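Report on the structure given below.
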Amino acid sequence: PLVATIASTDMGLLLRDDVFVDFFNTFLNLPVFGQTPVYISSTGQWDLWPELPSLLDPSPTALLAWLEKHRLPHFCKSSLCLHLILCQKLLGFIRSGEAAKLLNWQSADQWLLEKCISGSQGMWHFLAFVQGMPGEELTNFWLTTERLLGLDESDARQRDLYLSLLHRLKATHLREGSSVITLCRTITGLLPKARHVQPISTRREILSKMQERVLFMIQSYWLPKFFIHCKMGMEEENSCQPLLQEYRERLLQANSQEPSGFSENLFTMYIKRSQGLSGPYCSKKAKAEIWTLIKGGRDTQEMKMPSFHVQPERKLGPAWSTKESHLDKDALGSIPQQSEHPANTAFGGKGRLTSPKSPRPNAEQVLHLGDLCEEKVPFNLHASAPLVQLPSLKKPVKTLSFLPWALSAETCAGRPFRDFLKRQDRSMETHLLDLWHDLEEFLPVALDSSRENSFFLRHLIGEKICKTYLEEGTTWQLPLETRTLRSLQNHLMSGEFSPWIFRAQKEICKVLCCFYEEFLADDDRTFLQFMVKGMH
């Protein structure tokens, strides 16, 4: 499996792939983590946040060792890793002679489409394009199946997730009338007809064949449609005109050299020195400073745009979570990225506003943070965006204020906070965290009835929440108010949206807050140990 290949590859070699760097930078800067570094591949520079005390001068080797042990394993379990794999599959097709022959693409077409699809932001644009069309279901099926086929159902630690994903496939993509079944009908022994008697090897073989067919449909049909959409959008965007001019020039050339996808320039890695930081290293304090600055920027933006209002019960989570509409919470996800290429502006987005690089709390960054905040609370809201309470930062910020944002990001980060709770043998708190995420997953499905499979998925998730957490006789007695639990059960069993979901998530955050602070402290200690050891 490609995920296993990524997990076993040397970090230095992985960082030579510009597409991997794009996705990995997005992952590293998800706000659930304490240390959020960013790698600038064009110069070989690592930019740390929070910065290390100025007396430390760590080596890049130590940083890579820390990344391999404490970040890469989570990345390989994250939704971003699945999107990276799909992106690589699409890029491989774009660069192939098969695509040129099948779609009559010239090298200039391949070059331009690669500019449009490369990276996590390019993938988000593609997913946004197919949203609400059969291409969305095909893409979701491919991603879910990629996760499922990478699991070992004989491993007790993976079996629950495997069965959950398989159950979801049967209830949505593998039901009669779905886009996937319609496309794959000619494959013999379809799962819905013999799912109770098929051996595991046969089930895997069938799913693998279906996944291959779905991928080819995405590559040969939806990718060309996306390419046409990109060119039309760029024609109307002034900032894209230089790119289009280069594209037209390449069309006049018979054989343009195709990009390799790997950095040709091999720079010596180095870590940017601290700007005179002398205090103790503390990611919790750094996050509080960031949120304070972001709030200041948001207040400025609200003064400029007084007509924009968000109802308290409908406030949106950060940009990291708004793209979760396409995906299973354990399997999938989509994150905007830092690409500043003009092609990205053709979709109405501003690449500079979605940089994963953590903003630094100094005077020069305040204006940028204000702009960043504008992106975090988008005005063209996706109907299926996950919803969480925005933190109120009028008073000195506390961890509880931004914990919902961190938990939303954890969904896309391979669940590092959950792993920490498991290692600490915090079974109740792990159970509560799972409930928070299940409620977060239910919200966009319940609020967007236009999605394909919305009815089935809404009832599937609602019944799962009730049976796992709310029914009498469940393993744990949750430390939430009785009225909250009763109201949740009354609405979720029938697949209905309820504002009590927000109340339950708020109560859960109060319980988990101190444990998240412990998680950040543990992340700090581990990072410092690696950095100090690397100095010797």
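Solvent exposure of the stretch 79-176 amounts to 33 Å² per residue of accessible area, where only protein heavy atoms count and the probe is 1.4 Å.
Take the Cα radius of gyration of the stretch 54-140 and divide it by 2.2 N^0.38 Å, N being the number of residues; the result is 1.50.
Full extension of the chain between R423 and Q106 yields a length gain of 108.8 nm, computed as 0.36 nm times the residue separation minus the alpha carbon distance.
For F455, the accessible area of its heavy atoms, probed at 1.4 Å with every protein chain present, is near 120 square angstrom. Solvent-accessible surface of protein heavy atoms, probed at 1.4 angstrom with all chains present, puts T43, T186, T139 in the order T186, T43, T139, largest first. The calculated FRET efficiency for the pair K285 and S59, based on their C-beta separation and a Förster distance of 30 Å, comes to about 0.75. Checked against a 22 Å cut-off, the cross-linked pairs K101/K231; K69/K422; K77/K398; K170/K422; K464/K506 give Cα-Cα distances beyond that limit for K77/K398; K170/K422. Heavy atoms of the protein chains alone define the surface here; on that basis the stretch 403-536 has 43 Å² accessible area per residue at 1.4 Å probe size.
Sequence-ordered 3J(HN,Hα) estimates for the stretch 55-68 from the Karplus curve with 6.51, -1.76 and 1.60 and θ = phi - 60° stand at 6, 8, 9, x, 9, x, 4, 5, 5, 5, 5, 5, 4, 5 Hz, glycine and proline given as x.
Assuming 0.36 nm per residue, please report the length gained on full extension of the stretch Q245 to E212 beyond their Cα-Cα distance.
Length gained, Q245 through E212: 8.3 nm.
Built from the Cα atoms of the stretch 451-515, the convex hull projects on average onto 5.0 nm², one quarter of its surface area.
How would V532, V38 rank on accessible area, largest to smallest, probe 1.4 Å?
Greatest to least solvent exposure: V532, V38.
In the assembled protein chains, K533 presents an accessible area of approximately 140 Å² (probe radius 1.4 Å).
Solvent exposure of Y39, expressed as accessible area, is near 20 Å², computed with a probe of 1.4 Å over the protein chains only. Note on exposure: S498, S274 ranked by accessible area (1.4 Å probe, complete protein assembly) read S274, S498, with the most exposed listed first.
The values are calculated or read from the model by the stated rules, or taken from the named source; none is laboratory data. This structure is a prediction, so every number in the text was calculated from the model and none was measured. Quick reminder, even Gly has a Cβ in these numbers, built from the backbone with ideal geometry, and neighbours come from all protein chains shown. What goes into the accessible areas is simple: the full protein's heavy atoms, side chains included, and nothing from ligands, DNA or RNA. Shrake-Rupley method; radii C 1.70, N 1.55, O 1.52, S 1.80 Å.
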